[in-house]
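**Q** Next up is a structure, given as structure tokens.
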Amino acid sequence: MKDLISLHDITTEEFEQILSLTEKLKKETKAGIPHHILKGKTLAMVFAKSSTRTRVSFEVGMTQLGGYPLVLSSNDLQLGRGESIYDTAKVLERFVDGIMIRTFDHSDVVELAEHANVPVINGLTDLLHPCQALADLFTVYEHKGTLAGLKLAYVGDGNNVCHSLLFACAKAGMNMSVATPKGYECDQNIWEMAQSDAAKSGAILTQSADPIEAMSNADVVCTDTWVSMGQEDEKEARVKIFKDYQVNSTLFGKAKSDAIFIHCLPAYRGYEVTEDIIDGPRSVIFDEAENRMHVQKAVMALLMG
Ligand code: CP
Ligand code: NVA
């Protein structure tokens, strides 16, 4: 594993290795045991989109590993003025030991990883958000004690977060039911790749337009914003299209009585989820946010150590 671009690209063993190293690093962090695995190393973090969690969790995580995080907005880089991905990759690799990038086009991250001879970590593209899905499943594991055989219901937009969760669930042998409005289903190519991963682990992945059906028997309930970064112009239309996909007490009530609620954040209360659910006793959103740092430390340690 040179890069972390898509969870589809990693083996089940690598997936398990990331989660078990996460558990170890989290325990050590809580106990105040230092682990300077990346002492003297530098991670460049390139942002073409806003971020709270990704930026802070990578920056603090890299510092805790003894390394140096270098935050770069793509507007400050010549990349923002048209310098090629190729030249950016060849220059950055001369200075840093790893690159984390958050951008729009997934193909830009693939191209960067192809040309940079240092590890590249996908910090979100329009297509995928692998670090988020790793943190999500680690959080589920902490709360449920297992992953294989559980059911996750994802209600809302068939977007980057949903795509990476499909790959993660398929790897973990977790069942996942997606409910989206017609026209907002998952990317067909991603869906087929996830199904082929699922065939190996025995996970059952289903997709429909029926949120009630998706919720039935769910151990974990997940949603995400209806308006992802870059879709701001579609907000008015999307709010109408997605209104029956809101996770509220009626819909959440269709899941198992001990189901937990996850959301990658930022959340828009009153839209994709109501306040009583996201701020309720079964919501684990802040554990999930914290776990971004622990899983990413594991990813950086494995790729850059
Ligand atoms: N969940 C997530 O990636 O949050 P940020 O956009 O704040 O990084
Ligand atoms: N789907 C959202 C996730 C934000 C972390 C977006 O792409 O904006």
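**Q** Does Glu236 satisfy the criteria of being part of a helix (DSSP H, G or I) and open to solvent by 60 Å² or more (accessible area, probe 1.4 Å)?
**A** So Glu236 passes the test.
**Q** Please go through segment 42-70 and pick out each residue that is polar (S, T, N, Q) and either within 23 Å of Asp287 (Cα to Cα) or at pLDDT below 95 (or both).
**A** Correct list: Ser50, Ser51, Thr52, Thr54, Ser57, Thr63, Gln64.
**Q** Follow-up question, since we're still on this one. Can you tell me which residues in segment 52-64 are open to solvent by less than 40 Å² (accessible area, probe 1.4 Å) and in contact with a strand residue (DSSP E or B) (Cβ under 9 Å, 6 or more places away or on another chain)?
**A** Thr54, Phe58, Gly61, Met62
**Q** Please give the number of the condition Asp157 fails out of (1) in a helix (DSSP H, G or I); (2) closer than 27 Å to Asn248 by Cβ; (3) of a type in the set (D, E, K, R).
**A** It is condition (1) that Asp157 fails.
**Q** Check Leu147, Leu165, Leu128 and return the single one that is assigned to a loop (DSSP other than H, G, I, E, B), modelled with pLDDT of 95 or more, within 16 Å of ligand 2 (Cβ to nearest atom) and not charged (D, E, K, R).
**A** The unique qualifying residue is Leu128.
**Q** Exactly one condition in (1) within 17 Å of Met300 (Cβ to Cβ); (2) within 16 Å of ligand 2 (Cβ to nearest atom); (3) in contact with a strand residue (DSSP E or B) (Cβ under 7 Å, 6 or more places away or on another chain); (4) not aliphatic (A, V, I, L, M) is false for Tyr68; which is it?
**A** (2)
**Q** Please specify each residue of segment 252-286 satisfying the condition of being in a helix (DSSP H, G or I) and open to solvent by less than 60 Å² (accessible area, probe 1.4 Å).
**A** Of everything in segment 252-286, those that are in a helix (DSSP H, G or I) and open to solvent by less than 60 Å² (accessible area, probe 1.4 Å) turn out to be Phe252, Ile277, Ile278, Ile285.
**Q** Condition (residue is out of contact with any strand residue (DSSP E or B) (no Cβ under 9 Å at 6 or more places or on another chain), more than 19 Å from Ile204 (Cβ to Cβ), free of Cβ contacts under 8 Å to residues at least 40 places away in the same chain and more than 15 Å from ligand 1 (Cβ to nearest atom)) applied to segment 140-159: is it met by at least one residue?
**A** Checked against the condition, which is being out of contact with any strand residue (DSSP E or B) (no Cβ under 9 Å at 6 or more places or on another chain), more than 19 Å from Ile204 (Cβ to Cβ), free of Cβ contacts under 8 Å to residues at least 40 places away in the same chain and more than 15 Å from ligand 1 (Cβ to nearest atom), segment 140-159 yields at least one hit.
**Q** Check whether at least one residue in segment 86-97 is within 27 Å of Ser228 (Cβ to Cβ) and either touching a residue at least 60 places away in the same chain (Cβ under 8 Å) or of a type in the set (D, E, K, R) (or both), and report yes or no.
**A** no
**Q** What pairs come out if I take residues in segment 101-129 that are free of Cβ contacts under 8 Å to residues at least 24 places away in the same chain and open to solvent by less than 60 Å² (accessible area, probe 1.4 Å) and pair them with residues that are of a type outside the set (Phe, Trp, Tyr) and more than 13 Å from ligand 2 (Cβ to nearest atom) whose C-beta lies under 8 Å away, six or more apart or interchain?
**A** Correct list of pairs: Asp108/Ile85; Asp108/Ile101.
**Q** When residues of segment 99-121 are filtered for being more than 18 Å from Gly67 (Cβ to Cβ), away from ligand 1 (no atom under 16 Å from the Cβ) and not in a loop (DSSP other than H, G, I, E, B), how many remain?
**A** 8
The values are calculated or read from the model by the stated rules, or taken from the named source; none is laboratory data. No experiment lies behind these values; they were computed from the predicted model shown. In this analysis, Cβ positions are derived from the backbone assuming ideal geometry, glycine residues included, and neighbour counts consider all displayed protein chains. We work out accessible area using only protein heavy atoms, side chains counted, and drop any ligands, DNA or RNA first. Shrake-Rupley method; radii C 1.70, N 1.55, O 1.52, S 1.80 Å.
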